[in-house]
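What follows is a single structure, written as structure tokens, with notes after it.
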Amino acid sequence: MQTKDTEGLGLHRIVIVGGGAGGLELATLLGNQLGKRKLAHITLIDKNRTHIWKPMLHEIASGSMDYTLHEIDYLAQAHWHHFRYRIGALTGIDRAQKRVYLDAYADTDGELVTPQRSLPYDTLVIAIGSRTNDFNIPGVAEHAIEMDTAAQAEHFHQKLVNACIRAHAQTDNLHAYQLQVAIIGAGATGVELAAELHKSIRTLVKYGLDTIEADRDVNLTLIEAAPRILPGLPERISVDAARILTKLKVNMRTDARVAAVAEHQVLLATGETIPAELIVWAAGIRAPEVLKTLDGLETNAINQLIVQPTLQTTLDKNIFAFGDCASVDWLEHQPPTKVPPRAQAAHQQAVHLAKQLARHLQGQALEDFHYHDFGSLVSLGENWAVGGLMGNIARGTLFIEGYLARFMYNMLYKKHQLSLHGFWKTSIETIAGILRRTTTPRIKLH
Ligand SMILES: Cc1cc2nc3c(=O)[nH]c(=O)nc-3n(C[C@H](O)[C@H](O)[C@H](O)COP(=O)(O)OP(=O)(O)OC[C@H]3O[C@@H](n4cnc5c(N)ncnc54)[C@H](O)[C@@H]3O)c2cc1C
């Protein structure tokens with residue numbers, strides 16, 4: 001079935017698939033620049049109805065953030081910023097007919113909301129992100145929770161609260177696995193989650209679950225195959241983070257390769273088992289499988305679409321890809337490498353593409369994307385962060401730690417909000433958030 005092809009007829013149709021950190025910013029920018037002046041017809045497609053900024057997932061998982069207060073409704077954002085939103089998961093494309101195919105969408109009762117359909121495009125932008133890579137390790141899908149969506153983070157949070165309530169209500173001794181949390185993968189996600197959980201479990205226990213003594217009963221174990229935590233970041237950040245996690249009594253198991261995950265335990269390649277009631281898999285990424293089936297477009301081993309420096313796919317100049325789902329050369333970097341899968345990269349690419357798509361419409365030559373690494377910040381609880389800043393502020397890397405680092409970490413989300421909502425709405429929401437904290441529990445308790 002096809003949808004109304006008359007939608008946007010007569011205008012250049014730009015279809016963006018994926019309303020994440022990059023795609024929603026791009027749709028908003030293009031809507032404001034081109035959609036508002038009827039210079040192009042902009043459509044955003046996402047398989048979900050609301051947007052959540054992924055770097056916040058560890059805060060949702062620990063309960064320190066109520067995600068319902070941070071969801072952005074695609075329909076409302078589209079209405080306010082002059083683009084259209086259509087729901088559906090990308091299932092394929094037809095490059096000759098210039099159509100994008102979407103799966104049917106059903107509600108939670110299984111009742112059909114939208115049928116399988118296809119939409120026409122003149123220019124297509126694919127920004128469907130990535131998901132955790134389980135490297136086909138046995139038991140991960142069945143027994144570990146991944147941290148890719150707000151629903152998974154919320155699911156983990158509910159299991160965490162239930163584990164604490166269960167342990168509190170129990171008259172027998174706790175089993176060896178109870179209140180033990182194993183986080184597999186000590187990249188930024190795993191490290192930030194461990195630090196956040198240290199605080200939120202103690203806060204949760206204070207709300208009347210007083211038979212639990214966190215220092216005695218709760219254990220957080222971070223498991224990493226590399227020789228150090230945060231293996232992708234400079235060693236200095238890794239050392240600083242490890243020092244703080246040690247203070248927070250997080251067990252760090254480096255050089256520890258996971259062979260399998262089973263119910264209530266993680267099995268290491270050495271044969272050792274680590275008991276755990278809650279197991280999080282946060283190691284590595286891969287792009288969605290559907291990218292391998294897009295009418296012959298080139299992909300790499302982790303399903304990312306291979307693009308030119310202009311972010312156009314190698315085989316079709318009318319199809320662009322960016323963010324985590326694209327393999328983009330990091331020009332100027334020595335030794336040669338790819339742009340890392342980060343929110344700051346998706347943001348920079350969205351800003352770049354907004355300008356370039358206006359040129360594309362006018363048939364002008366496109367400029368290459370140059371990634372600027374401004375450094376990395378890793379949050380370690382409510383008020384602390386460590387990291388290194390690069391770029392104009394610092395010659396080389398400026399290492400920072402503490403409240404200032406945490407403030408700058410928070411600014412990353414503010415920047416995302418600013419690009420979606422502008423100054424006034426972001427300011428009002430920030431003030432409302434501060435006021436709300438005076439009347440609500442410090443963490444989400446259900
Ligand atoms: C827990 C966690 C913490 C992180 N922390 C940081 C951090 O501190 N700093 C940092 O820079 N980066 C961080 N990242 C990485 C960052 O979140 C990603 O690099 C960034 O979100 C990528 O943006 P994107 O637009 O490419 O994809 P995403 O933001 O993942 O958005 C993809 C969108 O595509 C939609 N979609 C997926 N499949 C389909 C389909 N088939 N059809 C239609 N729609 C689809 C999804 O619903 C989603 O809306 C973190 C990631 C995680 C998981």
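Every read-out reported here was derived from the displayed coordinates using simple, explicitly stated rules and does not represent laboratory data. Because the structure is a prediction, the values reported are computed rather than measured. Here the Cβ is made from the backbone with ideal geometry for all residues, glycine too, and neighbour counts use every protein chain on show.
Taking other Cβ within 10 Å of each residue's Cβ, how do SER118, SER379 sort, fewest first?
SER118, SER379
How do MET390, MET411 line up, fewest other C-beta atoms within 10 Å first? If you can, show how the numbers build up before the last one.
Working: MET390 16, MET411 12.
Least crowded to most crowded, the residues run MET411, MET390.
Which part of the range 431-446 falls in the paramagnetic zone of ILE165, meaning amide N under 16 Å from the point 7 Å along Cα-to-beta-carbon?
Zone members listed by number: 443-446.
Give me the net charge for the shell around GLY185: Cβ to Cβ below 12 angstrom, other residues only, Lys and Arg +1, Asp and Glu -1.
Numbers: positive: ARG253, ARG257; negative: ASP134, GLU146, GLU192, GLU224.
Charge balance near GLY185 sits at -2.
Using only the Cα atoms of the range 1-106, each taken as one equal point scatterer with no solvent, compute I(q) by the Debye sum, divide by I(0), and report log10 of the ratio at q = 0.17, 0.24 Å⁻¹.
After summing over all Cα pairs, the log10 values are -0.83, -1.35.
So if I place +1 on the C-beta of Lys and Arg and -1 on the C-beta of Asp and Glu, and nothing else carries charge, what would the dipole magnitude of the range 140-285 be about its Cα centre? I want it in debye, nearest 20.
Dipole of the range 140-285, to the nearest 20 debye: 420 debye.
Multiply the residue separation of GLN116 and LYS414 by 0.36 nm, subtract the distance between their alpha-carbon atoms, and state the gained length in nm to one decimal. Intermediate results must be reported in sequence, preceding the final value.
Details: separation 298, 0.36 × 298 = 107.28 nm, distance 3.65 nm.
Working it through step by step, the gained length comes to 103.6 nm.
Compute the semi-axes of the equivalent ellipsoid of the range 140-285, taking the square root of 5 times each eigenvalue of the Cα gyration tensor, and list them largest first in whole Å.
24, 17, 15
Arranged by the count of other C-beta atoms within 10 angstrom, fewest first, what order do ARG86, ARG228 take?
Placing the least packed residue first, the sequence is ARG228, ARG86.
Between the range 166-202 and the range 380-446, what's the alpha-carbon centroid distance in Å?
For the range 166-202 versus the range 380-446, the Cα centre distance is 25 Å.
Give me the extension gain from GLN334 to THR254: residue separation times 0.36 nm, minus the current Cα-Cα distance, reported in nm with one decimal. Before the final figure, lay out each step's value.
Details: separation 80, 0.36 × 80 = 28.80 nm, distance 2.79 nm.
Taking GLN334 through THR254 to full extension adds about 26.0 nm, to one decimal.
Report, in deg cm²/dmol and to the nearest 500, the calculated mean residue ellipticity at 222 nm for the chain, where each DSSP H run with n ≥ 4 adds -39500 (n - 2.57) and the sum is divided by the residue count.
-9500 deg cm²/dmol
What FRET efficiency, computed as 1/(1 + (r/R0)^6) with R0 = 35 Å and r the Cβ-Cβ distance, is obtained for TYR403 and ILE302, rounded to the nearest 0.05?
0.40
Going by alpha carbons, how many degrees (0 to 90, nearest 10) lie between the helix axis of 188-206 and the longest principal axis of the chain?
50
With a 10 Å cut-off between alpha carbons and a GNM built on the chain, which of THR28, THR132, THR43 moves the most?
In the Gaussian network model the winner is THR132.
Find out how many positive minus negative residues lie around ARG253, taking Lys and Arg as positive, Asp and Glu as negative, among other residues whose Cβ is under 11 Å from that of ARG253.
-2
State, to one decimal in nm, how far the label point of ASP215 lies from the label point of ARG436, with both points 7 Å from Cα in the Cβ direction.
With each label placed 7 Å out from Cα toward Cβ, I get 3.4 nm.
So what is the diffusion coefficient of the chain in µm² per second by Stokes-Einstein at 37 °C and 0.692 mPa s, using a Kirkwood Rh over Cα pairs?
142
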